[in-house]
1. Most exposed first by the Cβ proxy, i.e. fewest other Cβ within 10 Å, how do 19, 81 rank?
2. If I stretch the segment between residue 114 and residue 14 completely, what's the gain in nm (0.36 nm per residue apart, minus their alpha carbon distance), one decimal?
3. Would you mind computing, in nm to one decimal, how far apart the modelled labels at residue 59 and residue 100 are, each placed 7 Å from Cα along Cα→Cβ?
4. What list of ³J(HN,Hα) couplings, whole Hz, do you get for the range 116-122 from phi and the Karplus terms 6.51, -1.76, 1.60, once you set θ to phi - 60° and write x for glycine and proline?
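What follows is calculated from the coordinates using simple rules that are stated; it is not laboratory data. Not measured: the values here are computed from a predicted model. Reconstructed Cβ throughout: ideal geometry from the backbone, glycine too, with neighbour counts over all protein chains shown.
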Amino acid sequence: MTNNNILDVLTYMFDYLFEIAEQDSSKEIDDTALKAYLSDAGFEVTRIDKALSWLENIATSQDNKAKPFGSSNGGMRIYSEEEKSRLSTKSRGFLLFMENIGQIDANQREMIVNQVMSLDDSIISLDDLKWVVMMVLGNSNNEEISPQWLESIIFLNDNHTVQ
């Protein structure tokens with residue numbers, strides 16, 4: 001694979017991890033084996049390292065005890081020009097929708113936006129944004145989030161609503 005971005009690597013990696021979990025849920029994932037698997041699949045070592053670092057950044061952000069936003073609702077998010085150039089109107093609308101129905105809070109939204117901005121891509125598609133949302137929420141400490149609901153985010157099409 002010559003043109004692969006971080007999300008391509010992460011998507012491929014999650015498919016692999018789900019496959020391993022289905023085979024033996026008690027099996028621990030070996031970083032070396034995972035990197036070798038991704039490298040054998042054609043991903044560049046630098047992209048693999050960036051993807052793993054990107055994923056680690058989510059975990060680090062989740063562990064951060066300081067929350068820049070209180071629990072109060074009602075604030076409005078103003079996107080910078082750079083953020084608007086990366087996140088389409090549909091993508092920004094999706095984030096607003098997720099926040100309005102209580103599936104993400106302002107802190108999670110900001111983590112999602114920060115993770116999107118750290119990607120190499122100039123424009124993030126709505127489908128890619130949904131993967132980022134799933135990865136951020138999947139790494140959260142919120143036990144109310146079910147794996148089925150997270151999966152539904154990814155496979156949600158524009159004609160259905162999130163349940």
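1. Fewest-to-most ranking of 19, 81: 81, 19.
2. Full-extension gain reported as 33.9 nm.
3. Between residue 59 and residue 100, the simple spin-label model gives 3.6 nm.
4. Here the 3J(HN,Hα) series is 4, 5, 7, 6, 6, 5, 7 Hz.
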